[in-house]
Structure formats: C-alpha cells, structure tokens
Amino acid sequence: MLKAVIFDFDGIIVDTEPIHYRAFQEILVPLGMAYSWNDYITHYMGFDDREAFAEVYKSNGQLISEEKLLHLINRKGAIFEKIICDGVKPYPGALALIRVLSGEIPLALCSGALPSDIEPILKQLNIFDAFDVIVTAAEVAASKPDPESYLLAFSRLVTAFTDMNITPGECLAIEDTPAGIASANGAGISVLAVTNSYPAGKLSEAVRIIESLESVNLKYLHDIFNDYLA
C-alpha cells in the first residue's frame, strides 16, 4: 500500500538549473574558471554548491580553504536569490499534483539544494506549507546518489506519522536524475521517474518512467505502486 510520496525539487517541481549555472558563472568567470553549459549538465549538475566549487577548484589544479569555500557558497546563494525574484516557472503538472496530494497522503521534499535555493521558490509558488517534511543539502553529509537524504526524509515521515507505521517499501519517490533514483533506491524507496532532465534510457532503475506529471493524480500513483508490487 502506498503511504507516502517524496518529491525531488529541481528538475521535478521547477527547472532552476539554468539559474544555478548563471550564478556559478558570475563568480567563476572573473576567476578564470568558467565552464560550458554542457560541462555543467554532464559533470556539475549532480553536485551541491559545496561539492561544485570544490570540484571546479580541483579541476583547475587549485586548493580551496574552508573559509574561501563558505564565502563562495554564500555569494552564489545571494546571486541565485536575486535572479529568482524575477519568477520561476514550474514544470507542467507539478503544482497541481502537489496540491492534490497535500493533506491526502504524507508528503515530503528531498532535495540536493540548499534551503536558500528552495524556500523562496516554494513560497513564491504557494506550496511551502504543502510538505510535511523537507530535507535539504544543509542537513546531510553526502548528496545524492548517496541514500542519506532519502533515509532522513523517510525517518522524518515516520516520526511525523507514527500511527501509520510507514516502511520504505510503502513510499514512492518522484525523481528526474540517475543520481536521485540511486539515492531513493538505496534507501529502499521505489521511484517514478520523469524525463524532464534525462532521456528514459538513463532512468531505467525507476519502476515507471513518464514524460510529464500532467494528468498524474493520487489514483495514478497508487496504480503504479500496486502494479509494481504485483
């Protein structure tokens, strides 16, 4: 029985990757460490801000102190927040599905982004209060594909809904990347994948792959879950 749904944030609810890329480049271009959009997609997109800056310094043969790293993370966050003030467009069907599920089934958000990247957008889209649990990159030591973030989201769902006796096998994650799928699966959670960021062939570890969340509702999610268990 499906007892909880866990959403990824970037690539499922909104597409902020071009905004992240732009914010990174505003910092990295003056440092002579800029990289292409293709490099971002193929190499950096799965990193959180800490890992991304550390990796770009490493790839340029330079060391970075903890103090400098924190300074760059804060600068990038400020640039990101300034850009999103112009508005962020959600993926088709995402907001409608979240609103349909909220209050009907335990709902969590499990993201590799920082709170400063997530909260302003959720509030802008009027869905901040829709989630019973929110887990961000600030709360885990290892980002996706490590299962830590999904294990934490699951643990918090169990605590918030003690009377439901939720198990990992009764949760369904909604993800858009191979790293996200691996993270959820590593926590024992099945995945519905959406081809917003990667082609279906890259998402084969999900139990179902779809092109859009449009027309998806709670019954559809229950059907996916029941078909998979059968």
Which of rounded, prolate or oblate describes segment 80-209 when judged by the alpha-carbon gyration tensor and an a/c cut-off of 1.5? rounded
Gyration tensor verdict on segment 17-84 (Cα atoms; rounded if a/c is under 1.5, prolate if a/b is larger than b/c, oblate otherwise): oblate
Tell me which of VAL207, LEU152, ILE118 sits at the most positive position along the dipole axis of segment 87-230, charges placed on C-beta atoms (Lys, Arg +1; Asp, Glu -1). ILE118
Among LYS3/LYS76; LYS58/LYS144; LYS58/LYS202; LYS82/LYS144; LYS3/LYS123, which pairs are too far apart, with a Cα-Cα distance over 29 Å? LYS3/LYS76
If we sort 168-181, 43-56 on the protection proxy, mean other Cβ atoms within 10 Å, highest first, what's the order? 168-181, 43-56
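Over the chain, calculate the relative contact order: mean separation of alpha carbon pairs under 8 Å at least 6 apart, over the residue count, as a percent.
Values: 351 pairs, mean separation 58.0, N = 230.
Taking the mean separation of contacting Cα pairs over the length of the chain, I get 25 percent.
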For n ≥ 4 DSSP H runs only, could you compute -39500 (n - 2.57) per run for the chain, divide by its residues and tell me the 222 nm figure to the nearest 500? -13000 deg cm²/dmol
So what's the angle, to the nearest 10 degrees on a 0 to 90 scale, between helix 66-84 and the longest Cα principal axis of the chain? 70
Which label in (1) 25, 23, 18; (2) 31, 17, 17; (3) 28, 18, 16 gives the computed semi-axes √(5λ) of the Cα gyration tensor in Å: (2)
Diffing segment 192-199: the Karplus 3J(HN,Hα) column from phi (6.51, -1.76, 1.60, θ = phi - 60°), in whole Hz with x for Gly and Pro, holds 9, 9, 10, 7, 6, 10, 9, x
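Since every read-out is calculated from the coordinates, none of them should be taken as a lab result. Since the structure is predicted, the reported quantities are computational estimates derived from the model, not experimental observations. Please note: Cβ atoms are built from the backbone with ideal geometry, for glycine as well, and neighbour counts cover all protein chains shown.
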